[in-house]
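Novice: Here's a structure for you.
The values are calculated or read from the model by the stated rules, or taken from the named source; none is laboratory data. Worth saying up front: this structure is predicted, and the values here are computed from it rather than measured. Here the Cβ is made from the backbone with ideal geometry for all residues, glycine too, and neighbour counts use every protein chain on show.
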Amino acid sequence: MQLSTKHLLGIKDLSPEDISLILETAGQFKEVLQRPVKKVPSLRDVTIVNLFYENSTRTRISFELAEKRLSADTINFSASASSVSKGETLLDTVNNILSMKVDMVVMRHSASGAPHFLAKHIPAAIVNAGDGINEHPTQALLDAYSIKDATGGLEGKKVVLIGDIMHSRVALSNIYLLKKMGAEVMVAGPPTLIPRHIKEALNIEVEYNLKKALEWCDVANVLRIQLERQNQVLFSSLREYNLAYGVSRKLLDGLKKEIVIMHPGPINRGVEIDSDVADSGRSIILQQVENGVAVRMAVLYLLAGKRTA
């Protein structure tokens, strides 16, 4: 089987069959990562450039590790240390890189739609590693893989995304994916951080009371407050936010059931989630990081059009 698309620009473009194929392939690569020798020659003849116009630690390292595990040749490009700082355009930069015979581009950019722009102008396969406040497809895929791993499946599961929904590309990609795979989705947080018409636009539940949201869900995916994307004051203080919407041990102990806790990182401890929750047995945050490498290996492998692992 192969993906129906040449690029991974967003979950919006994937079919449920594409998503199932990626998650299934990730399971095979996760087994590879448990071996003493964690490397396979699947992408030995493929050159991948990591094109990061925005700061990233976890996503960039995860992609680099996935590429190395697949034996690909990699080029790491940081915009701040390149000719971009001298005024070079995105298209010029990529064309210069492509003249070096690159097969795939993994791209993170602060402008929503930048990977889609590239996909129309260059022949290489594009993987969106996060574009503005639009999408972050590989994060949604690794979150879905982690939920499936922890709970046995996605269909019928109740998943709540908590926090800064308005500025989160992770939230949008997660909503698209979970809905396509038959899960029930709710967003929770202060009214100022939830887009006004999201309930009707995306056919999801909205809850402004955190305790009610946690009582409803099987899985809580806690999102970071994205202060760097907010150009106005949307809540009084981080302390006030923590008191109203921080996920605490006390809150979880008051529930009548155990729920799974997730976080895409980086964590603002003591703001959206307390340390004793993030580090507890209910949390699968570290498993998400581990699963991220296997999922990204699956995406790169399938987009490269290889048929055997």
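Novice: Kindly provide the set of residues from the stretch 51-67 that are in contact with a Ser or Thr (Cβ under 7 Å, 6 or more places away or on another chain) and at pLDDT 95 or above, ordered by number.
Specialist: Within the stretch 51-67, 64, 67 meet the criteria.
Novice: Something else now. Can you find a residue that is surrounded by 14 or more Cβ atoms within 10 Å (Cβ to Cβ), out of contact with any helix residue (DSSP H, G or I) (no Cβ under 8 Å at 6 or more places or on another chain) and closer than 24 Å to residue 142 by Cα anywhere in the stretch 247-267? Working first, answer last.
Specialist: The initial filter retains those residues of the stretch 247-267 that are surrounded by 14 or more Cβ atoms within 10 Å (Cβ to Cβ), namely 247-248, 251-252, 259-265, 267.
Narrowing further to those that are out of contact with any helix residue (DSSP H, G or I) (no Cβ under 8 Å at 6 or more places or on another chain): none.
No, there is no match, as no residue in the stretch 247-267 is surrounded by 14 or more Cβ atoms within 10 Å (Cβ to Cβ), out of contact with any helix residue (DSSP H, G or I) (no Cβ under 8 Å at 6 or more places or on another chain) and closer than 24 Å to residue 142 by Cα.
Novice: Only helices (runs of 4 or more DSSP H) wholly contained in the stretch 183-285 count here; list those with 2 or more residues that are of a type in the set (S, T, N, Q), under 18 Å from the mean Cα position of the chain (by Cα) and in the same structural domain as residue 60 (by TED's automatic domain parsing). Working first, answer last.
Specialist: On the way: elements: 198-202, 210-216, 238-245, 249-253, 275-278.
Because the criterion is at least 2 residues that are of a type in the set (S, T, N, Q), under 18 Å from the mean Cα position of the chain (by Cα) and in the same structural domain as residue 60 (by TED's automatic domain parsing), no helices (runs of 4 or more DSSP H) in the stretch 183-285 meet it.
Novice: Please count how many residues of the stretch 112-128 are in contact with a Leu (Cβ under 8 Å, 6 or more places away or on another chain), part of a helix (DSSP H, G or I) and without any contact (Cβ under 8 Å) to a residue 60 or more places away in the chain. Give the derivation first.
Specialist: Taking the stretch 112-128 and keeping what is in contact with a Leu (Cβ under 8 Å, 6 or more places away or on another chain), we get 114-119, 121-128.
Checking which are part of a helix (DSSP H, G or I) leaves us with 114-119, 121.
From what's left, without any contact (Cβ under 8 Å) to a residue 60 or more places away in the chain: 117-118, 121.
Residues in the stretch 112-128 being in contact with a Leu (Cβ under 8 Å, 6 or more places away or on another chain), part of a helix (DSSP H, G or I) and without any contact (Cβ under 8 Å) to a residue 60 or more places away in the chain: 3 in total.
Novice: Taking residue 164 and the conditions (1) at pLDDT 95 or above; (2) more than 14 Å from residue 218 (Cα to Cα); (3) in contact with a Leu (Cβ under 6 Å, 6 or more places away or on another chain), which numbered condition does it fall short on, given that it satisfies the others?
Specialist: (1)
Novice: Name every residue in the stretch 214-226 that is surrounded by fewer than 23 Cβ atoms within 10 Å (Cβ to Cβ) and over 16 Å from residue 264 (Cα atoms), in order of residue number.
Specialist: 214, 215, 216, 218
Novice: Hey, another quick one. Do we have any residue at all in the stretch 119-131 that's polar (S, T, N, Q), closer than 18 Å to residue 60 by Cβ and at pLDDT 95 or above? Please lay out each step first, then the result.
Specialist: If we filter the stretch 119-131 for residues that are polar (S, T, N, Q), which is where we start, we get 128.
Remaining after also requiring closer than 18 Å to residue 60 by Cβ: 128.
This time we only want the ones that are at pLDDT 95 or above, so: 128.
Yes: one or more hits.
Novice: Consider the stretch 136-156. How many of its residues are in contact with a helix residue (DSSP H, G or I) (Cβ under 6 Å, 6 or more places away or on another chain) and outside any helix (DSSP H, G or I)?
Specialist: So the answer is 2.
Novice: Still on this structure: What's the number of the only condition in (1) touching a Lys or Arg at 6+ places or on another chain (Cβ under 9 Å); (2) outside any loop (DSSP other than H, G, I, E, B); (3) within 16 Å of residue 176 (Cα to Cα); (4) of a type outside the set (Phe, Trp, Tyr) that residue 133 fails to meet?
Specialist: (2)
Novice: Output the residues belonging to the stretch 4-17 that are within 13 Å of residue 138 (Cβ to Cβ) and in a helix (DSSP H, G or I). Give the derivation first.
Specialist: Initial filter on the stretch 4-17 (within 13 Å of residue 138 (Cβ to Cβ)): 7-11, 14.
Listed by number, the list holds a single entry, 11.
Novice: Going by the structure shown, is residue 170 crowded, with 22+ Cβ neighbours inside 10 Å, under 19 Å from residue 247 (Cβ atoms), out of contact with any His (no Cβ under 9 Å at 6 or more places or on another chain) and at pLDDT 95 or above?
Specialist: Values: crowded, with 22+ Cβ neighbours inside 10 Å: yes; under 19 Å from residue 247 (Cβ atoms): yes; out of contact with any His (no Cβ under 9 Å at 6 or more places or on another chain): no; at pLDDT 95 or above: yes.
Here the answer is no, as residue 170 does not meet what is asked.
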